[in-house]
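To start, the structure under review is shown below, and the notes come after it.
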Amino acid sequence: CIEKEKIHKDFLMLYEEVRKKRNKIIHGIGTEQISPDYILKLVLDSFTFLLGKDSFWSAVLDKFYKHPGFEHDDSAVEWEETIQYNRIEYLNFFLGKKELKKHFSVNITGRAYFCPYCTEKGERITQNGLERPNSKWAFLNPNKPDSNKISCIVCQTTFYVIRENCEKDGCKGNVKYILEEGEEKELNTLVCLSCWNEEIK
């Protein structure tokens, strides 16, 4: 039970709207159609009003991404983790980043980057060669020119990055991640999180 004083006033208005719509649907009053984006917005608003930002996605991860069934070394199962990209892309398709921004603590309207973890874990060999997820849901956190951290909203992981221009022609990215750290005098393998170009330095 949540005390009324602790509930956001906008949630009370939302609850009343839903109550009225529910009664119309149950009792067959009116012909008003309800769209998918309305339902999605309703669900996200409810989570955020009651439990705070990131709460909806945390609930999704607890149900799917962090499910014990995915915690083993089967590469096919590792690929299944990237299904989370499908879910966030689905939300983005119906609601857009401007609306989704209200429900995440990370600013998702800035430039997006590949997540080092999700992208590498999502790699798989197909008939066409090596494929990896092409969704970008990692963002500078905070979103500042000198920020040295990015946060992925899909896996909810924060990574330290190197601010350095990409060496690939045509890429204007300047956010890199140490994909593989060399031992002693060996060179590091860096990857540009804008285009996934790997460099040895």
Candidates 17, 80, 89, 32, filtered to the one that is under 17 Å from the mean Cα position of the chain (by Cα) and modelled with pLDDT under 85: 80
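Output yes when any residue across region 147-155 is of a type outside the set (D, E, K, R) and more than 24 Å from the chain's Cα centre (by Cα), and no when none is. First the steps, then the outcome.
The initial filter retains those residues of region 147-155 that are of a type outside the set (D, E, K, R), namely 147-148, 150-155.
If we keep only those that are more than 24 Å from the chain's Cα centre (by Cα) too, we end up with none.
Looking for residues that are of a type outside the set (D, E, K, R) and more than 24 Å from the chain's Cα centre (by Cα), one finds none in region 147-155, hence no.
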Which numbered condition residue 170 misses (of (1) touching a residue at least 40 places away in the same chain (Cβ under 8 Å); (2) out of contact with any strand residue (DSSP E or B) (no Cβ under 6 Å at 6 or more places or on another chain)): (1)
Residue under evaluation residue 168, criteria (1) more than 18 Å from the chain's Cα centre (by Cα); (2) modelled with pLDDT under 90, criterion not met: (2)
Residue within region 56-74 that is modelled with pLDDT under 65, open to solvent by less than 70 Å² (accessible area, probe 1.4 Å), closer than 20 Å to residue 105 by Cβ and assigned to a helix (DSSP H, G or I) present: yes
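Answer yes or no: is there a residue in region 152-167 that is of a type outside the set (Lys, Arg), within 18 Å of residue 189 (Cα to Cα) and touching a Gly at 6+ places or on another chain (Cβ under 9 Å). It would help to see each step written out before you state the result.
Here is the first cut: in region 152-167, the ones of a type outside the set (Lys, Arg) are 152-162, 164-167.
The next check asks that each one be within 18 Å of residue 189 (Cα to Cα); those that pass are 159-162, 164-167.
Cutting the leftovers down to touching a Gly at 6+ places or on another chain (Cβ under 9 Å) gives us 165-166.
Yes; the residues of region 152-167 include at least one that is of a type outside the set (Lys, Arg), within 18 Å of residue 189 (Cα to Cα) and touching a Gly at 6+ places or on another chain (Cβ under 9 Å).
Can you pull out the strands (runs of 3 or more DSSP E) entirely within region 93-159 that have at least 1 residues that are open to solvent by less than 30 Å² (accessible area, probe 1.4 Å), among the aromatic types (Phe, Trp, Tyr) and in contact with a Ser or Thr (Cβ under 8 Å, 6 or more places away or on another chain)?
Details: elements: 124-126, 129-131, 138-140, 149-152.
So the answer is 138-140.
The values are calculated or read from the model by the stated rules, or taken from the named source; none is laboratory data. Because the structure is predicted, anything quoted here is derived from the model rather than measured. Please note: Cβ atoms are built from the backbone with ideal geometry, for glycine as well, and neighbour counts cover all protein chains shown. With ligands, DNA and RNA removed, areas are computed over all heavy atoms of the protein, side chains included. Shrake-Rupley method; radii C 1.70, N 1.55, O 1.52, S 1.80 Å.
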